[in-house]
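Below is one structure; the comments refer to it alone.
Taken together, the values in this text are just the output of simple stated rules run on the coordinates, not laboratory data. This one's a predicted model, so the numbers in the text were calculated from it and none came from an experiment. Here the Cβ is made from the backbone with ideal geometry for all residues, glycine too, and neighbour counts use every protein chain on show.
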Protein chains: 2
Amino acid sequence: MVDILHSVGIRSSVDEVYTALTTTEGLAGWWTTDTRGDGDNLGGVLQFRFEVGGFDMKIVELDSGRRVLWEVVDGPEEWIGTQVDWELGQAGEYAKVLFRHRGWREPVEFMHHCSTKWAVFLMSLKSLIETGKGAPAPDDVKIDDWN
Amino acid sequence: MVDILHSVGIRSSVDEVYTALTTTEGLAGWWTTDTRGDGDNLGGVLQFRFEVGGFDMKIVELDSGRRVLWEVVDGPEEWIGTQVDWELGQAGEYAKVLFRHRGWREPVEFMHHCSTKWAVFLMSLKSLIETGKGAPAPDDVKIDDWN
């Protein structure tokens, strides 16, 4: 099992970050404008759609201002069964986000792509909260010929 | 052992990317303006300096247009002995860069930070080659209160 790990510090409160991870408006503001479902519904499923496919995430843990945990129940084969883990903590004027996309079976080339792309979307989340404007798909920053 | 994995596609040739990884001018154009040493000298040491410290990398493999491999010989304790591996391949009009920072002993919080920051610098490399302008330190994109 191999993991994608990232972190960003956002000049904000953990509550603001938690809102951006658990509301449709928040999620649509940094990841993809085509976000469906209720991010605050434990056990429910969020659907994220992109030009080239999408992901269905079951919400398996919600701890306000501290953690959001999703499990991938549909999407690319390599993603199914993996977990997307958001851990939040306040450090002075920064909300610290520790991000882990855990449980990849193999470090395939697609995992390299997804790692870089997650970083790009974390910077979009940071920008959304700090400036009011993120860069969600379909207007996301492209990193290669695939996406 | 855990690894940081990334990939980007650069609208260019592998030779142009190789040049950006093996010349002082190239390296200073996307990573840090304070780059010293000769990137094309197998067995030599490159010194990269930032406001908050730096890294010394021994050049352990050079395969023109295909691979560059560095080993960290000085820098933060967590980095020493790790390897930074650049694998290049042409895919149509894109030069594909597979990046691996291998051999971290533990997935510490600092590794999360470095993973995201590497993605930011890979986007700087992409920008340097595609537009002529990268974002090397000290004018790099900051991701948190540390850097």
Condition check for A:Asp144: within 14 Å of another protein chain (Cβ to nearest Cβ), touching a Gly at 6+ places or on another chain (Cβ under 6 Å), surrounded by 17 or more Cβ atoms within 10 Å (Cβ to Cβ) and farther than 19 Å from B:Asp3 by Cβ: yes
Quick one: what pairs do we get from the stretch A:125-147, first residue more than 21 Å from A:Trp86 (Cα to Cα) and touching a residue at least 24 places away in the same chain (Cβ under 8 Å), second aromatic (Phe, Trp, Tyr) and in a strand (DSSP E or B), C-beta under 7 Å, 6+ apart or different chains? A:Asp144/B:Tyr94
Determine which member of the set A:Ala91, A:Ala20, A:Ala28 is touching a residue at least 60 places away in the same chain (Cβ under 8 Å) and within 14 Å of chain B (Cβ to nearest Cβ). A:Ala91
Quick one: would you say A:Val120 is at the interface with chain B (Cβ under 10 Å from one of its Cβ atoms), over 16 Å from A:Tyr18 (Cα atoms), surrounded by 14 or more Cβ atoms within 10 Å (Cβ to Cβ) and out of contact with any His (no Cβ under 7 Å at 6 or more places or on another chain)? yes
If we keep only residues of the stretch A:123-137 that are surrounded by fewer than 22 Cβ atoms within 10 Å (Cβ to Cβ) and among the charged types (D, E, K, R), then the residue farthest from B:Ser115 (Cα to Cα) is A:Lys133
Go through the stretch A:94-114 and count every residue that is more than 9 Å from chain B (Cβ to nearest Cβ), touching a Leu at 6+ places or on another chain (Cβ under 7 Å) and surrounded by fewer than 18 Cβ atoms within 10 Å (Cβ to Cβ). 0
Which of the residues that make up the stretch B:66-88 are of a type in the set (Gly, Ala, Ser) and touching a residue at least 40 places away in the same chain (Cβ under 8 Å)? none
Those residues of the stretch A:90-147 which are within 11 Å of the chain's Cα centre (by Cα), among the charged types (D, E, K, R) and closer than 24 Å to B:Ile129 by Cβ amount to A:Lys117
